Amino acid sequence: MSAILPPSDRLWWKQPIDKVEWAWIGIAFVWGMIMFVMMVYWHVFGKQNLSNEVYRTTPEMFAAKAEKFIAENTVRTETDLNGQQIPVVKIPPGGEGFLIARLWNWYPILELEKGQTYKIHLSSMDYLHGFSLQPVNINIQVIPGYEHVVRMTPTKSGTYAIVCNEYCGIGHHTMLGRIYVK
Ligand code: CUA
């Protein structure tokens, strides 16, 4: 009944806080402080931090650099889910690669060598997309106007999928890219 009718004592909020309630406030506060310290700890010692840098760019500037990289390093082409021809581009060992996110593909397909360190440049041509590398679960928001530079050293060969994990419209679910590690 108490949820339907007003409390009989109208000034209930002036009652002193119960001991049990104080205990829970204390526990929540202490836990919050522990988590606050852990944020710094995980940043320094955690294994999920990306060594990335971010720069301002424009879609035109980024596309020009990516097209140059693609023109110089394409080894073959493959067809994606939308029936488009996507170049497969081999990044020179230790070199830099470019990856464009746009409605609705990741362009191009990148080919890497195991054990080499690469700098991958990422940007979006239109809207917000999400770079989610599977199955290793690396996540980066790809924002138009910003160029992310991510250092990567693949440790296992295989085919990795890039899933878009930011909803970007009707073709969002077809926005799948690939990275090959040989
Ligand atoms: Cu791109 Cu969802």
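The values are calculated or read from the model by the stated rules, or taken from the named source; none is laboratory data. The shown structure was predicted, so the numbers you read here are calculated from the model rather than taken from an experiment. When we count neighbours, we look across all protein chains shown, and the Cβ atoms used for this are built from the backbone with ideal geometry, even at glycine. We work out accessible area using only protein heavy atoms, side chains counted, and drop any ligands, DNA or RNA first. Shrake-Rupley method; radii C 1.70, N 1.55, O 1.52, S 1.80 Å.
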**OP:** Note the angle between two axes, namely the Cα long axis of helix 59-73 and the longest principal axis of the Cα atoms of the chain, as a number of degrees from 0 to 90, rounded to the nearest 10.
**Re:** 50 degrees
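What accessible area per residue, rounded to a whole number of Å², is obtained for the stretch 81-151 using a probe radius of 1.4 Å? Show your work: numbers first, answer last.
Values: 2770 Å² over 71 residues.
Normalised by residue count, the accessible surface of the stretch 81-151 is 39 Å².
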Subject >> Tally of Lys pairs whose C-alpha atoms are under 18 Å apart, taken over the chain, 8 or more apart or cross-chain >> reply: 14
Subject >> Mean separation of Cα contacts under 8 Å (6+ apart) over length of the chain, as relative contact order % >> reply: 20 percent
Subject >> Acute angle (nearest 10 degrees) that the helix 19-45 long axis makes with the longest principal axis of the chain, alpha-carbon atoms >> reply: 20 degrees
Subject >> At most 16 other Cβ within 10 Å, DSSP loop - chymotrypsin sites (Phe, Trp or Tyr not before Pro), the stretch 113-182 >> reply: TYR127, TYR167
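Using only C-alpha positions, report the orientation-averaged shadow area of the convex hull of the chain, nm², one decimal. Intermediate values should be presented prior to the final figure.
Working: hull surface 68.4 nm².
Taking the Cα atoms of the chain, their convex hull projects to 17.1 nm² on average.
List the trypsin sites (Lys or Arg not before Pro) within the stretch 7-78 that DSSP assigns to loop and that have no more than 12 neighbouring Cβ atoms inside 10 Å. Walk me through the intermediate numbers first.
On the way: sites: ARG10, LYS14, LYS19, LYS47, ARG56, LYS65, LYS68, ARG76; in loops: ARG10, LYS47.
Listed in order of number, the matching sites are ARG10, LYS47.
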Original post:
Taking a 1.4 Å probe, which of SER157, SER123, SER8 shows the most accessible area, and what order do the others take after it?
Top reply: SER8, SER157, SER123
Subject >> About the Cα centre, charge dipole magnitude for the chain (Lys/Arg +1, Asp/Glu -1 at Cβ), debye >> reply: 360 debye
Original post:
Got a sec? What order do VAL20, VAL181, VAL163 fall in by accessible area at 1.4 Å, biggest, i.e. largest, first?
Top reply: VAL20, VAL163, VAL181
Subject >> Antiparallel DSSP beta bridges within the chain, as percent of all bridges there, nearest 5 >> reply: 70 percent
